[in-house]
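These notes are about the structure you will find just below.
The values are calculated or read from the model by the stated rules, or taken from the named source; none is laboratory data. Source: prediction; values computed, not measured. Note that each Cβ is placed from the backbone with ideal geometry, even for glycine, and that neighbours are counted across all protein chains shown. For the accessible areas, the whole protein counts, side chains as well, though only heavy atoms, and no ligand, DNA or RNA atoms are used. Shrake-Rupley method; radii C 1.70, N 1.55, O 1.52, S 1.80 Å.
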Amino acid sequence: MESSTRAVPIQEVVEAVGHLIDSQVMERIFDTVVEFGGRFEVERFEIGKTNSEPSYLRLKVEAPTTEQMKQMLAQLLGLGCTPVDSGDVELRTVERDKCAPEDFYSTTNHRTLVRLNGEWLEVKNQRMDAMIVIANGEAYCRRLRDLRAGDQVVVGMRGIRVIPEPKERDRLAFAFMSNGISSERQVETAVRQTAALVRQAREAGQKVVVVAGPVVVHTGGAPSLARLIREGWVQVLLAGNALGVHDIEAALLGTSLGVRQADGRQEEHGHRNHMRAINAIYHAGSIAKAVESGTLKSGVMYECVKAGIPFVLAGSLRDDGPLPDTITDMNEAQDAYAEQLRGAGLVLCLGSMLHSIAVGNMLPSWVKIVCVDINPAVATKVSDRGTGQAVGVVTDVGLFLDLLARTLGNGGRA
Ligand SMILES: NC(=O)c1ccc[n+]([C@@H]2O[C@H](COP(=O)([O-])OP(=O)(O)OC[C@H]3O[C@@H](n4cnc5c(N)ncnc54)[C@H](O)[C@@H]3O)[C@@H](O)[C@H]2O)c1
């Protein structure tokens, strides 16, 4: 006779719609169930018959305990599975500012819908690691620090539908990037692909955002980035203090970190140069004022001011100065980045691990990211942090920018 104390397996029926096979989502769904000690039974599966038609999966899942079922469902939600008898989302009222109820739902960067009064609503301002707040009949992603007492926050896992981005077939052209070996020829291919993405974004009226580290200047890539800005291919620049400092040092004194740009030799007392650059901007009051007064006449920052495109320089513990334009309050810097990323169609991350990962965390999964770094681990790191849409180009960023500026040529404003 069976023991009456034996745990009854917990059952759920979930369904998923999308490119389940070619995006390898189905395999991950099955693996997840097994990983959490569960069992699955496919109740229905309809395969999409063309490359654009989605597939449909209805799956019965079992877990040995309620806790395991909860953990399994949390993972399955992120893969696009929704419980069939979903019902409406469960809401709870926030009692104190910045304090979420224990069982808050934590977002992914994928398109998310919540069911409210029987209707599926798309969540706005999608990003990862946020809560979902319902206000005035709309659903929004909100960071923990922005929660306010009285906010209605989504808890649990009912009434939530996540739609993972399908793998785009044209991204397969970037496959070489993950193997970490890139010959000149392959870099040219990556540049051509990137140029096509830039053009596509501009034609769709979307912003191209550049996220750049100081290595852009050290590798001689600044004139090419300046040209891209001047010719209208870039709508926003996001960076740290160092990009601004070394770009201005190069423009005013012809060196970056004291190394002469003309011949690559260390200038005598050149280590003073980046401090002289910061000092010059303090004398002017700001980067824009240095341009206005004629002190700053070239470079990336100069072109941003001239083109009237917004730039954000975020501070860090490593900063010298910092420049008067650098935002040293980290929450403020994050807010400024997030604000400028709204409406972005394409983000080019150029030689900055810190800022690339930070930006990846703020973006929804449908915004394309090209991450250029000499270290193959950086693109992998960005992807591993949940920014799966990022494609990596493993190359010297100076060379990449030179080729990109020449490939795109004039016409960004056309
Ligand atoms: N003087 C200063 O004020 C100063 C100086 C340096 C950095 N910082 C600040 O420190 C923070 C981190 O700096 P970071 O973004 O440079 O560091 P990071 O380590 O986050 O990123 C540097 C990236 O550049 C890559 N890289 C190196 N050589 C390359 C090349 N030739 N081509 C392509 N990629 C290459 C590295 O692999 C690395 O991923 C930033 O906020 C920055 O502003 C300040």
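Pairing residues of region 386-403 that are in contact (Cβ under 8 Å) with a residue 24 or more places away in the chain with residues that are of a type in the set (Lys, Arg), at Cβ distances under 8 Å and at least 6 apart in sequence or on separate chains, gives GLN389/LYS368; VAL391/ARG171; VAL391/LYS368. Scanning region 309-321 for residues that are within 15 Å of the ligand (Cβ to nearest atom) and either open to solvent by 30 Å² or more (accessible area, probe 1.4 Å) or in contact with a Pro (Cβ under 6 Å, 6 or more places away or on another chain) (or both) returns PHE311, GLY315, SER316, LEU317, ARG318, ASP319, ASP320, GLY321.
Considering only residues in region 161-192 that are open to solvent by 70 Å² or more (accessible area, probe 1.4 Å) and not in a helix (DSSP H, G or I), the one that is modelled with the lowest pLDDT turns out to be ILE181. Mind listing just one residue for me: the one in region 261-278 that is surrounded by 15 or more Cβ atoms within 10 Å (Cβ to Cβ) and either under 27 Å from VAL234 (Cβ atoms) or under 31 Å from the mean Cα position of the chain (by Cα) (or both) and, of those, modelled with the lowest pLDDT? Per the stated criteria, the residue is GLN261. Residues being more than 13 Å from the ligand (Cβ to nearest atom), in a loop (DSSP other than H, G, I, E, B) and over 27 Å from ARG202 (Cβ atoms): count how many of those fall in region 325-346. Going through region 325-346 one residue at a time, the tally reaches 1. Contact map, region 354-367: residues that are farther than 12 Å from GLN334 by Cβ paired with residues that are within 14 Å of the ligand (Cβ to nearest atom) and of a type in the set (Lys, Arg), Cβ distance under 9 Å, separation 6+ or inter-chain. Pairs shown: SER356/LYS381; ILE357/LYS381; ILE357/ARG385; GLY360/ARG385. Might you check whether a residue that is away from the ligand (no atom under 14 Å from the Cβ) and under 23 Å from LEU253 (Cβ atoms) occurs anywhere in region 363-372? No: zero hits.
On inspection, GLY299 passes the criterion of being crowded, with 22+ Cβ neighbours inside 10 Å and away from the ligand (no atom under 14 Å from the Cβ).
The rows are residues; the columns are (1) more than 9 Å from the chain's Cα centre (by Cα); (2) surrounded by fewer than 18 Cβ atoms within 10 Å (Cβ to Cβ); (3) assigned by TED's automatic domain parsing to the domain that holds LEU225.
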| position | (1), (2), (3) |
| --- | --- |
| ALA377 | yes, yes, yes |
| LYS381 | yes, no, yes |
| THR387 | no, no, yes |
| VAL393 | yes, no, yes |
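Residue selection: VAL372 satisfies the criterion of being in contact with a Leu (Cβ under 7 Å, 6 or more places away or on another chain) and under 22 Å from GLY343 (Cα atoms). Here GLU203 fulfils each of the conditions (1) of a type in the set (Asp, Glu); (2) farther than 20 Å from PRO310 by Cβ; (3) within 13 Å of the ligand (Cβ to nearest atom) apart from (3).
Within region 279-291, identify whether any single residue is open to solvent by 50 Å² or more (accessible area, probe 1.4 Å), within 16 Å of the ligand (Cβ to nearest atom), over 19 Å from ILE229 (Cα atoms) and modelled with pLDDT of 95 or more, and answer yes or no. So far as region 279-291 goes, yes, one or more of its residues are open to solvent by 50 Å² or more (accessible area, probe 1.4 Å), within 16 Å of the ligand (Cβ to nearest atom), over 19 Å from ILE229 (Cα atoms) and modelled with pLDDT of 95 or more. For region 373-392, what are the residues that are within 10 Å of the ligand (Cβ to nearest atom), touching an Asp or Glu at 6+ places or on another chain (Cβ under 8 Å) and at pLDDT below 90? Of everything in region 373-392, just one residue is within 10 Å of the ligand (Cβ to nearest atom), touching an Asp or Glu at 6+ places or on another chain (Cβ under 8 Å) and at pLDDT below 90, namely ALA379. When region 65-112 is filtered for residues that are touching a Lys or Arg at 6+ places or on another chain (Cβ under 7 Å), open to solvent by 30 Å² or more (accessible area, probe 1.4 Å) and over 12 Å from ARG158 (Cβ atoms), the ones remaining, listed by number, are ASP97, LYS98.
Looking only at region 138-145, decide whether some residue is touching a residue at least 60 places away in the same chain (Cβ under 8 Å) and open to solvent by 20 Å² or more (accessible area, probe 1.4 Å). Yes.
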